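Engineer: Before anything else, here's the structure in question.
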Amino acid sequence: MSRSTRTLDDAVRQLMQEAWNLSREDGRAAAQLDHLYGRLQEPVHLAVVGPARSGKSTVVNGLIGDQIAPLPLGDGHDVVTRYADGPQPRVTARTADGAARELATTRSAHGLRMDPRTTRRSAITELRVTWPARSLRHINLVDTPGTDADDGHHAPVEHVTGEADAILYASQEIRTTDLQTLQTAQHGAVATAAPVNTVIVLTHADEIGGGRIDALLTARQLARRHQRDPAIAAMCTGVVAYGGLVALAGRTLSDADFTAVAAIAAAPRETQDACLMSADRFAGDDGPLPVDPDVRRRLLHRLGIHGVRLATTLARTGCATRAELAAELIRRSGLAELREVINGCFVERRTILKARTALAGLERLAGRLPGQDGVHLRARVEQLLATAHDFRELRLLAAMRSGQVAFTGDAGTEAHRLLGGNGTDAAVRLGAEHELSGGELWDLTADALHRWQQHAEDPRLGLHQRRAATAVVRSCEGMLVALGDG
């Protein structure tokens with residue numbers, strides 16, 4: 001951990017202590033501060049947000065690696081559901097009066113299910129699920145109701161995103177309403193000064209073009225095109241194409257699934273092509289494939305028609321074992337890319353994101369404190385936002401993504417990398433392709449520092465470019481301090 005990151009963490013904790021001193025006689029404020037302090041110790045809270053039926057649950061299931069979500073209550077609706085790592089599966093319901101009770105659940109082919117007679121939804125405000133999963137050791141997933149839901153029971157998306165450290169926005173296609181939702185989520189002084197790290201996930205990528213074999217490749221090209229759109233780039237740190245059914249099938253592929261896929265792949269090619277033309281033909285009782293119709297219907301439910309076509313092609317062209325087929329399905333689904341983005345943008349920036357969440361909470365608290373106490377706390381929050389270099393990096397990365405600040409040639413790519421756009425580790429910032437010694441990293445950093453000092457003083461560059469170059473210089477200096485500490 002770099003000295004600048006430690007300093008930011010220390011500054012936030014000191015500011016929280018000041019807030020405690022200002023509000024020690026306000027029991028509600030003290031409870032809010034206790035909550036904020038506890039959040040600093042927890043993994044990154046990653047909210048999965050999006051319209052109803054946008055594929056949020058396939059994102060959650062793919063990241064966890066099991067068929068869990070969604071957890072609808074007895075009347076078919078759902079509430080905010082939080083997933084955290086734990087020694088054993090467990091579902092706890094929380095009610096409006098703060099009470100908590102454990103719910104009995106059963107596993108089925110469609111995931112976890114609860115007895116509707118034991119879940120009086122009107123009293124339940126939140127579900128908390130503990131699940132033994134390596135992927136949940138560094139993040140807590142927050143699955144939300146659809147942003148377009150309006151039945152009087154769902155917390156508004158602003159509340160969920162305001163509490164989250166980072167956001168995955170799930171959408172089948174990026175629409176104007178999606179951008180408006182994201183813009184609504186980024187309000188307040190903290191959100192403006194330290195842009196929320198949001199990644200847009202193009203779900204159902206495997207359904208593009210009717211589920212053709214190249215659907216996921218086409219979706220990746222579409223994601224890259226969206227990422228170059230200034231209006232979209234201003235709202236997020238990246239756009240990822242994701243085939244949820246294919247990803248989950250890869251993570252949970254059984255021996256029986258592989259045996260069925262291999263049998264289909266061994267059938268005559270003309271028989272395969274005829275039966276895979278549509279989902280109805282593939283699942284029909286009179287299909288000539290050497291696999292029982294019930295097994296075919298199970299495969300169709302698990303993988304979708306595109307996933308079946310893809311798995312059959314992979315089994316026919318070289319994936320000779322269950323492990324090989326599972327690994328290739330995961331690779332092609334976009335899950336690996338999504339996890340890399342989450343790690344680089346969110347997990348590695350954990351301390352910064354946690355500090356941002358704490359400051360957003362202090363900003364809300366300042367609005368409740370009377371008179372000069374509230375004014376003082378708000379001013380201290382704004383001062384820290386303005387002076388912390390970690391937040392300056394986030395603002396500059398957002399400005400570069402939206403096109404407000406741009407460098408020509410390779411300078412833009414290098415600036416993005418040195419500012420931590422690809423990850424905050426020194427080797428990643430420097431673009432080192434292999435493991436380097438501390439001395440080698442120091443030399444690379446010193447070279448980059450000298451290069452960007454020249455950019456900062458180049459009269460041919462505009463004012464915004466020179467200021468951005470100065471920020472890159474500060475990032476290089478921070479790396480030299482961290483390398484010196486090491």
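Engineer: Just checking: which of the helices (runs of 4 or more DSSP H) contained wholly in the stretch 280-360 hold 1 or more residues that are at positive phi?
Structural biologist: Of the helices (runs of 4 or more DSSP H) lying wholly inside the stretch 280-360, those with at least 1 residues that are at positive phi span 293-316.
Engineer: To continue, here is another question. Can you name every residue in the stretch 287-316 that is β-branched (Val, Ile, Thr) and within 33 Å of the chain's Cα centre (by Cα)?
Structural biologist: Ile305, Val308, Thr312, Thr313
Engineer: Turning to a different aspect of this structure: Leu419: touching an Asp or Glu at 6+ places or on another chain (Cβ under 6 Å), surrounded by 20 or more Cβ atoms within 10 Å (Cβ to Cβ) and within 24 Å of Cys345 (Cα to Cα), yes or no?
Structural biologist: Criteria met by Leu419.
Engineer: Separate question: Residues being surrounded by fewer than 14 Cβ atoms within 10 Å (Cβ to Cβ) and hydroxyl-bearing (Ser, Thr, Tyr): count how many of those fall in the stretch 244-297.
Structural biologist: 3
Engineer: Which members of the stretch 199-219 meet the condition of being among the polar types (S, T, N, Q) and in a loop (DSSP other than H, G, I, E, B)?
Structural biologist: Scanning the stretch 199-219 gives a single hit, Thr203.
Engineer: Under 7 Å between Cβ atoms, at least 6 apart or on separate chains: pull out the pairs that start in the stretch 6-27 with a residue that is over 30 Å from Val481 (Cα atoms) and modelled with pLDDT under 90 and end on any residue that is of a type in the set (A, V, I, L, M) and not in a helix (DSSP H, G or I).
Structural biologist: The qualifying pairs are Leu22/Leu369; Ser23/Leu369.
Engineer: While we're here: What do you reckon, is Leu222 modelled with pLDDT of 85 or more, part of a helix (DSSP H, G or I), out of contact with any Lys or Arg (no Cβ under 7 Å at 6 or more places or on another chain) and closer than 30 Å to Ala398 by Cβ?
Structural biologist: yes
Engineer: Let me ask something else about it. Test Leu461 against the stated conditions and say whether it is crowded, with 17+ Cβ neighbours inside 10 Å and over 32 Å from the mean Cα position of the chain (by Cα).
Structural biologist: yes
Engineer: If Gly371 passes every condition in (1) touching a Lys or Arg at 6+ places or on another chain (Cβ under 9 Å); (2) of a type outside the set (S, T, N, Q); (3) without any contact (Cβ under 8 Å) to a residue 12 or more places away in the chain but one, which one does it miss?
Structural biologist: Every listed condition holds for Gly371 apart from (1).
Engineer: Which number in (1) under 16 Å from the mean Cα position of the chain (by Cα); (2) part of a loop (DSSP other than H, G, I, E, B); (3) modelled with pLDDT of 85 or more marks the one condition that Ile174 misses?
Structural biologist: Among (1) under 16 Å from the mean Cα position of the chain (by Cα); (2) part of a loop (DSSP other than H, G, I, E, B); (3) modelled with pLDDT of 85 or more, Ile174 violates only (1).
Engineer: Among Leu168, Leu127, Leu182, which is at pLDDT 90 or above, buried (at least 16 other Cβ atoms within 10 Å of the Cβ) and either under 14 Å from the mean Cα position of the chain (by Cα) or not in a loop (DSSP other than H, G, I, E, B) (or both)?
Structural biologist: Of Leu168, Leu127, Leu182, the one residue that is at pLDDT 90 or above, buried (at least 16 other Cβ atoms within 10 Å of the Cβ) and either under 14 Å from the mean Cα position of the chain (by Cα) or not in a loop (DSSP other than H, G, I, E, B) (or both) is Leu168.
Engineer: Looking only at the stretch 69-80, which residues are under 27 Å from the mean Cα position of the chain (by Cα) and at pLDDT below 85?
Structural biologist: Residues satisfying the conditions are Ala69, Pro70, Leu71, Pro72, Leu73, Gly76, His77, Asp78, Val79.
Engineer: Going by the structure shown, is Leu362 crowded, with 16+ Cβ neighbours inside 10 Å, farther than 22 Å from Ala170 by Cα and modelled with pLDDT of 85 or more?
Structural biologist: So Leu362 fits the description; yes.
Engineer: Mind checking which residues of the stretch 246-279 are of a type in the set (Asp, Glu) and either in contact with a Phe, Trp or Tyr (Cβ under 9 Å, 6 or more places away or on another chain) or not in a helix (DSSP H, G or I) (or both)?
Structural biologist: none
The values are calculated or read from the model by the stated rules, or taken from the named source; none is laboratory data. Just so it is clear, the structure is predicted and the values come from calculations on it, not from any experiment. All Cβ positions, even for glycine, are placed from backbone atoms using ideal geometry, and neighbour counts span all protein chains on display.
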